[in-house]
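The values are calculated or read from the model by the stated rules, or taken from the named source; none is laboratory data. Fair warning: this is a prediction, and the values are worked out from it, not measured in the lab. Every residue, glycine among them, receives a Cβ derived from its backbone with ideal geometry; neighbour counts consider all protein chains shown. Protein only, heavy atoms only, side chains kept; ligands, DNA and RNA dropped before computing areas. Shrake-Rupley method; radii C 1.70, N 1.55, O 1.52, S 1.80 Å.
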Amino acid sequence: MSVVIDEHFPQAGTERAKSEERMTSTSQAPAASPEDVPPLRPGSPELAELLARIASGAEQREREAIAPHEQVEWIRASGLSRLRIPVQQGGGGASLREFFEVLIALAQADSNLAHLLRVHYWATEQHLVAVDPVFRQRGLALIRAGAILGVGFSEQSSRPAGLHFDTEFTRDAAGGWRLNGTKFYCTGTLYSDYTQVWAAAPGGRIAGAIIPVDREGVSVEDDWDGFGQRLTGSGTTRLQNVHVSDAEYFDLGQPDGPWPPSHLAPFLQLYLQAVMVGILRSVRNDAVALVRGRRRGFSHASVPQIPAQDPQVLQVVGEIAAAAFAAEAIVLSAADAVQAAADSTVDGVADAALAGAAQLATSQAKVVVDGLAHKSATKLFDAGGASATQAARNLDRHWRNLRTISTHNPTFLKASAVGDHLVNGAAFPANGYF
């Protein structure tokens, strides 16, 4: 397949060749370009079949640290990576509610796979509302052609997490720019063809570029060592004198804003809560399977020999199921608010009131979903007793994954911002990290 768009978006040749080799040797996916394959639609039997295939080996992949390269190729080949692009432009045409429904199902099948695509799907939203027609068309053409986009935003430095970077663009005397620095938390970039890097620019501004991951000077490392979401490739990207053309470079303004009202930050944050809901579904299903499989309880329990008939054990399962149901309803309600903000966008600017409502909805969603998720993942062990902690069951992965996701943005800071907004009319922090 080819993802050559024009001279400013050259093919990510080496990595793409590796991807094609994996597709041929492991997944037996068709060799046709993704653009030639009709994309999956929400609710279709084909989507259900894909999710089932992904789910079938997810627990083993996580237990044995098998990176989901093959499954990323399935996503690419199926067209699921262009789910939000309008049908008339070669995409799946999903609304945001439909998108988040699919994302929850994908996260239930494999939370790592869903998570590592976060910035790819955010970049799709970014390009859908972009004002610059050249930037918009080039980016959407990449995605339609099957390219997966990664990220190079965050850094491990002494600066507060935000949009002030040590990585920087400098002018190249021969033309264009040079990019130098080190990025971390580069979720999904290990599996990507391109990465979107944001960095400091001359004049105290910040700028970005979308570049192939196999360009000279770009080094993507598989060094993420978090205790959860271990297969998301959230490690280091090193940028050593990387050439960036003027056409690839785009100005982002001042690091502290002002930023126009938008649905992009609420989308980026709600994405994480949707992944957590998918994990909560798995917690519910594992609780059910755990209780059904138990052959004894405790001698002092209500029903010592048959836990599946013990009202107290069944209460635990019911509470977990209710938490998963409520969390999903909350996320989908917030998705409607994000959709309203997206629909109001004109020339790259959303209606301020609707964008604010989306921020409020997604912030409140995080505060509640985090609590439901952490409690449920712990309560799972009440349904199973000591045997549920055996490493072979790998049930601790749910708590580890949920806790890792929720630390992206501290819950207490979300709750504080919501309170300040409601009591004092304070604006929400204007950066993608809130």
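A few notes on this one:
- With respect to (1) in a loop (DSSP other than H, G, I, E, B); (2) open to solvent by less than 10 Å² (accessible area, probe 1.4 Å); (3) over 20 Å from Asp343 (Cα atoms), the lone exception for Val72 is condition (1).
- Screening region 211-295 for strands (runs of 3 or more DSSP E) wholly inside it with 2 or more residues that are open to solvent by less than 40 Å² (accessible area, probe 1.4 Å) returns the ranges 237-244, 249-253.
- Matching residues in region 76-103 - criterion: being in a helix (DSSP H, G or I), touching a Ser or Thr at 6+ places or on another chain (Cβ under 8 Å) and among the hydrophobic types (A, V, I, L, M, F, W, C): Ala77
- The number of residues in region 216-238 that are touching a Pro at 6+ places or on another chain (Cβ under 8 Å) and over 17 Å from Arg118 (Cα atoms) comes to 1.
- Test: residue in region 361-383 that is open to solvent by 60 Å² or more (accessible area, probe 1.4 Å), modelled with pLDDT under 95 and over 30 Å from Asp132 (Cα atoms): yes
- Qualifying residue in region 133-155 (condition: of a type in the set (Ser, Thr, Tyr), open to solvent by 10 Å² or more (accessible area, probe 1.4 Å) and farther than 22 Å from Leu231 by Cβ): no
- Residue selected from region 171-193 under the condition open to solvent by 50 Å² or more (accessible area, probe 1.4 Å) and of a type in the set (Lys, Arg), by the criterion farthest from the chain's Cα centre (by Cα): Arg171
- When region 59-69 is limited to residues that are surrounded by fewer than 22 Cβ atoms within 10 Å (Cβ to Cβ) and within 18 Å of the chain's Cα centre (by Cα), the one that is farthest from Ala147 (Cα to Cα) turns out to be Glu62.
- Within region 49-58, the set of residues being assigned to a helix (DSSP H, G or I) and either open to solvent by less than 50 Å² (accessible area, probe 1.4 Å) or under 24 Å from Ser333 (Cβ atoms) (or both) comprises Leu50, Leu51, Ile54, Ala55, Ala58.
- Hits in region 304-339 - residues which are of a type in the set (Asp, Glu) and assigned to a helix (DSSP H, G or I): Glu319, Glu328, Asp336
- Subset of region 194-210 that is over 16 Å from the mean Cα position of the chain (by Cα) and of a type outside the set (A, V, I, L, M, F, W, C) - its residue that is least open to solvent (accessible area, probe 1.4 Å): Gly208
- Summed over region 388-434, the residues that are open to solvent by 50 Å² or more (accessible area, probe 1.4 Å) and under 24 Å from Arg292 (Cα atoms) give a count of 7.
- Contacts under 7 angstrom Cβ, first residue in region 85-96 being farther than 12 Å from Arg144 by Cβ, partner among the aliphatic types (A, V, I, L, M), 6 or more apart: Gly93/Val87; Ala94/Leu83; Ala94/Val102; Leu96/Ala335; Leu96/Val338; Leu96/Ala342
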